[in-house]
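Taking it in order: structure first as structure tokens, then the write-up.
The values are calculated or read from the model by the stated rules, or taken from the named source; none is laboratory data. As the structure is a computational prediction, the values presented were derived from the model and not from experiment. In this analysis, Cβ positions are derived from the backbone assuming ideal geometry, glycine residues included, and neighbour counts consider all displayed protein chains. All accessible areas refer to the heavy atoms of the entire protein, side chains included, with ligands and DNA or RNA removed. Shrake-Rupley method; radii C 1.70, N 1.55, O 1.52, S 1.80 Å.
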Amino acid sequence: MFNFNYFTPTKVVFGKDTEKTVGQLIKEFGGKKVLIHYGGGSVIRSGLMDKVTKVLDAEGISYVMLGGAVPNPRLGLVYEGIELCKKEGVDFLLAVGGGSAIDSAKAIGYGVTNEGDVWDFYDYKRKATACLPLGVILTLSATGSEMSDSSVITKEEGLVKRGYSSDFSRPKFAIMNPELTMTLPDYQTACGCTDIMMHTMERYFTNGGNMEITDQLAEGLLRTVMNNAKILVKDPKNYDARAEVMWAGSLAHNGLTGCGNDGGDWMAHKLEHELGGLYDVAHGAGLAAVWGSWARYVYKECLPRFKKFAINVMGVEATGTDEEIAIKGIEAMEDFYREIKMPTNLRELGVEATDADLVEMAHKCAVGVGGAMGSAKLLNEEDMLAIFKACK
Ligand code: NZQ
Ligand code: ZN
């Protein structure tokens, strides 16, 4: 078991109609002039934005708005947001949407409060010393960005997708009304469930120390998300299933399911970030497409964890060799992906990757992680290329 810090300062306001409290919450955290940041317009079409602006008007809170955060949010819009905030004297950010709007808002928050080019943080050149305070109204259960310390931004030039983490960006509050996720396309719901599970699995498949309480929480979370993801395939308006998934999304990425572990593996995420950068695929679908190939490549070096996962999470019978049990667990996970209509390779993801693309992604990935990374198995550029080739 490793020492750990657990820091989750976000005030969670969960349940039906909770978006009505947004004005009080902004005031509670000292916001006077707000930037409302959102994506491509789903929050306008659903009527949510109208409700939010009415609440702010009624509370006498002034605001400016900036939409346009796309999935795999772009640096160009971040620069635009920084300029707008400086010009308008914005002192509080409100992200309304999914991970892309939240991440873009976090990057804007760094840019307003730190001198110089905000990309430096994502390029690992220096560390931020502050971020504007941020609140969230979540419309997609997936990234956990509503409580996490991380944000992921894509630089248009070279299509470089990079994450940056610091506690400064953890949201002050997160409003989570499961009903707000009912307008999601089924594909995005499934992508979200996949991402949530991956945030816990990345922390689970380690060769570092482990804590029994953390394992039990992680395994319970994974079983719960799987059960409810299957319910949502058949019954997308099921409130309780949406609520289970939504809360799991936050717990999966606020640090809870990694306490006492060695920090996790995270290579499936790093490989997916290259896919997202180059082909603009949905993050959760990209994760499902690479996971099986990653798992088969690394499981022998992390056998006790893969065996435990197979038995405790996937319900595999504990008969046969450890390797056989581990492989059955990986196959069962892929069966689950198929059941919720997620891809299990690049072709199913809709990506026709050339060999040159795979080489480029492996190279960018290796550079992005500083040469080699991974806890289940340490992977270098050659390994990354082998995994990309295996999932083609
Ligand atoms: O842009 P709009 O019009 O809002 O539509 C979005 C978008 O097309 C739509 N959507 C969201 N809520 C909806 C809705 N449509 C109908 N009804 C609703 N209630 O869904 C699409 C996807 O939205 P997006 O925000 O891009 O998805 P997600 O939450 O999965 O975020 C993905 C981004 O987050 C990053 C990913 O890499 C990707 O860039 N990640 C961020 C993390 C973090 N900050 O901690 C961790 C993750 O591992 C991940 O890397
Ligand atoms: Zn993720």
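What does the charge count around ILE196 come to, taking other residues whose C-beta lies under 13 Å from its C-beta (Lys +1, Arg +1, Asp -1, Glu -1)? Don't jump to the answer; show the numbers that get you there.
Numbers: positive: ARG203, ARG223, ARG242; negative: GLU146, ASP195, GLU202, GLU244.
Around ILE196, the charge tally is -1.
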If all Cα-Cα distances of the chain are sorted into 10 Å bins from 0 onward, what percent lands in each bin, rounded to whole numbers? 5, 24, 34, 25, 10, 2, 0
Label-point separation (nm) for GLU301 and LYS392, each offset 7 Å from Cα along Cα-to-Cβ? 2.3
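Only four residue types carry charge here, +1 at the Cβ of Lys and Arg and -1 at the Cβ of Asp and Glu. Report the dipole size of the chain about the Cα centre in Debye, rounded to the nearest 20. Write out the running numbers ahead of the final one.
Details: 41 positive and 52 negative charges, 163 e Å.
So the dipole magnitude of the chain works out to roughly 780 debye.
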Can you tally the net charge around GLU272? Count Lys and Arg as +1, Asp and Glu as -1, for every other residue whose Cβ sits under 11 Å from the Cβ of GLU272. -1
What are the aspartates and glutamates whose alpha-carbon lies under 16 Å from the alpha-carbon of LYS307, with same-chain residues fewer than 8 places away excluded? GLU202, GLU212, ASP215, GLU219, GLU317, ASP322, GLU323, GLU324, GLU331, GLU334
Sites ALA356 and GLU323, calculated FRET efficiency, Cβ-Cβ separation with R0 45 Å, nearest 0.05: 0.85
Taking R0 as 30 Å, what FRET efficiency do you get between ASP335 and GLU382 from their Cβ-Cβ distance, rounded to the nearest 0.05? 0.50
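Which of the three applies to the stretch 149-206, rounded, prolate or oblate, going by the alpha-carbon gyration tensor with a ≥ b ≥ c and a/c under 1.5 meaning rounded? Write out the running numbers ahead of the final one.
Details: a/c = 1.34, a/b = 1.31, b/c = 1.02.
Because its axes are fairly even, with a/c under 1.5, the stretch 149-206 counts as rounded.
Students sometimes get this wrong: rank ASP335, ASP195 by accessible area, probe 1.4 Å, all chains present, largest first.
Details: ASP335 90, ASP195 5 Å².
From most accessible down to least: ASP335, ASP195.
Taking 0.36 nm per residue of sequence separation and subtracting the Cα-Cα distance, how much length would be gained by fully extending the chain between TYR124 and HIS363, in nm to one decimal? Mind showing how you got there, number by number?
Working: separation 239, 0.36 × 239 = 86.04 nm, distance 1.69 nm.
Between TYR124 and HIS363, full extension yields an extra 84.3 nm.
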Given an 8 Å cut-off on Cα distances and at least 6 residues of separation, report the relative contact order of the chain as a percent. 16
Hey, how many Å between the Cα centroid of the stretch 88-157 and the Cα centroid of the stretch 330-346? 31
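What does the charge count near PHE4 come to, summing +1 for each Lys or Arg and -1 for each Asp or Glu among other residues with Cβ under 13 Å from its Cβ? It would help to have the intermediate numbers written out before the result.
Numbers: positive: ARG203; negative: ASP262.
In short, 0.
If R0 is 25 Å, what FRET efficiency do you get for LYS230 and ARG45 from their C-beta distance, rounded to 0.05?
In this case the efficiency is close to 0.35.
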